[in-house]
1. Which order do the peptides 256-266, 199-209 take when ranked by the mean count of other beta-carbon atoms within 10 Å per residue, highest first?
2. Relative contact order, percent, of the stretch 1-86 when contacts are C-alpha pairs under 8 Å separated by at least 6 residues?
3. Find how many whole Å separate the alpha carbon centroid of the stretch 1-63 from the alpha carbon centroid of the stretch 101-164.
4. Name the residues whose placed amide hydrogens come within less than 5 Å of the amide hydrogen of Ala207, ignoring near sequence neighbours (fewer than 5 apart) on the same chain.
5. How do 210-223, 270-283 rank on mean C-beta neighbours within 10 Å, highest first?
6. May I have the convex hull volume per residue, in Å³, for the Cα set of the stretch 189-268?
7. Grab the Cα-Cα distance for Leu114 and Asp268, subtract it from 0.36 nm times how many residues apart they are, and report the gain in nm with one decimal.
8. Taking all pairs of distinct Cα atoms, average 1/r, flip it, and tell me the Kirkwood hydrodynamic radius of the stretch 1-159 in Å to one decimal place.
Amino acid sequence: MNIDLTDTTSSQINSALVQARRASGTPAVGMVLTLVIVTDEGNHYDALKAASEASKEHPSRILVVIRRPGRSPRDRKIARLDAEVRVGGESGTGETVLLRLHGELASHAHSVVLPLLLPDAPVVVWWPEDAPEHPSEDLLGQLAARRITDAQATEDPVATLALRAQTYTPGDTDLAWTRITPWRSVLAAALDQKHSTITSASVDGEAYNPSSELLALWLAERLGVPVQRHVSDGPGLTAVRLETVDGTICLDRADGSLAELAMPGQPDRHVALHRRETAELIAEELRRLDPDETYASAVKYGVQRLGGKAPAAKGAAPAGTVGGAASDGAAGDAADGAAAGADAAAGGTGGTSGTKAGAGKKKAAQSPKKPASS
């Protein structure tokens with residue numbers, strides 16, 4: 001059921017939601033969270049489509065905030081709220097409200113959204129594009145337990161990662177990190193099978209791919225060894241190589257869907273590693289709403305080494321190295337503990353940091369984690 005409201009208020013929108021639920025025969029509210037999407041008129045369709053798919057796994061009230069401040073001085077002085085309420089149909093078991101904020105009201109989205117939040121339910125805010133520099137200080141971000149951004153959608157993804165590290169607040173996460181969950185899972189499983197001292201690593205991926213940078217930083221932070229970034233033709237992430245005293249562990253995905261895992265002393269095997277759609281990424285992020293400590297440690301670890309530097313041009317020498325050479329003993333301990341740390345990090349969206357370089361085998365808490373660019 002769809003209800004269009006012009007020049008309306010938050011109170012009238014709430015009444016329309018109740019009316020729509022009764023008309024559809026579902027007066028009870030069975031939603032588990034409120035998802036606020038902050039976007040513009042040109043991008044709201046794709047974002048809403050992804051969120052609606054994710055709501056099939058996490059029934060939620062989706063509030064789409066579309067700011068329309070106006071172009072002329074007269075338009076910017078007008079404050080008007082138009083809304084579209086959708087219950088049932090494509091909204092599934094949840095509810096969707098499109099909020100178009102005109103004129104001066106575009107600067108006060110939080111005052112419109114606050115009365116529409118589900119009571120006693122967590123709030124997640126997602127910026128598909130044009131995220132604020134400091135999401136937790138944004139007025140909408142202050143309402144949320146989790147704040148989702150996407151460095152891939154920015155003009156300079158590497159510089160954006162540096163900014164995310166500087167402004168990180170518990171509850172922040174980025175879809176560039178979510179995209180590498182399958183890679184981290186496979187690498188953790190490989191290290192569980194093959195315990196060997198790791199001496200160095202390398203990550204291949206497209207230029208200006210933030211997921212490649214994050215994966216390199218994660219490996220450097222977990223293993224305590226030098227990690228090089230190489231530029232490839234893509235798509236997205238294409239290969240990870242771990243150099244060990246027994247040989248090379250290589251996870252290579254050249255076609256964007258099927259990867260090949262090669263390990264010393266074992267036959268090569270194929271691994272399904274497809275590039276996931278945005279709906280899958282959002283669904284993963286909504287599974288756990290606690291702070292993602294593993295993401296925090298990874299994005300902060302080598303941010304000073306990123307320093308706004310762009311990856312080298314295609315076919316050039318390695319774009320750079322993160323991490324540092326570990327002593328023989330420290331490198332061995334890091335290799336022994338990498339499986340536990342990687343498994344904790346690769347399991348999901350949140351999670352506790354696993355074993356760090358030279359820290360032994362201390363167990364960490366297990367945690368689950370535009371088409372995806374990884």
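1. The densest-packed peptide leads the list: 199-209, 256-266.
2. 48 percent
3. The stretch 101-164 and the stretch 1-63 have Cα centres separated by 17 Å.
4. Residues meeting the amide H criterion: Ser232.
5. Highest-to-lowest ranking by the protection proxy: 210-223, 270-283.
6. Cα convex hull per residue, to the nearest whole number: 86 Å³.
7. Value of the extension gain: 50.1 nm.
8. Computed over the stretch 1-159, the radius equals 16.1 Å.
The values are calculated or read from the model by the stated rules, or taken from the named source; none is laboratory data. All of these numbers come straight from a predicted model, not from anything done at the bench. Every residue, glycine as well, gets a Cβ built from its backbone with ideal geometry; the counts of neighbours run over all protein chains shown. These area figures cover heavy atoms from the full protein model, side chains too; ligands, DNA and RNA do not enter into them. Shrake-Rupley method; radii C 1.70, N 1.55, O 1.52, S 1.80 Å.
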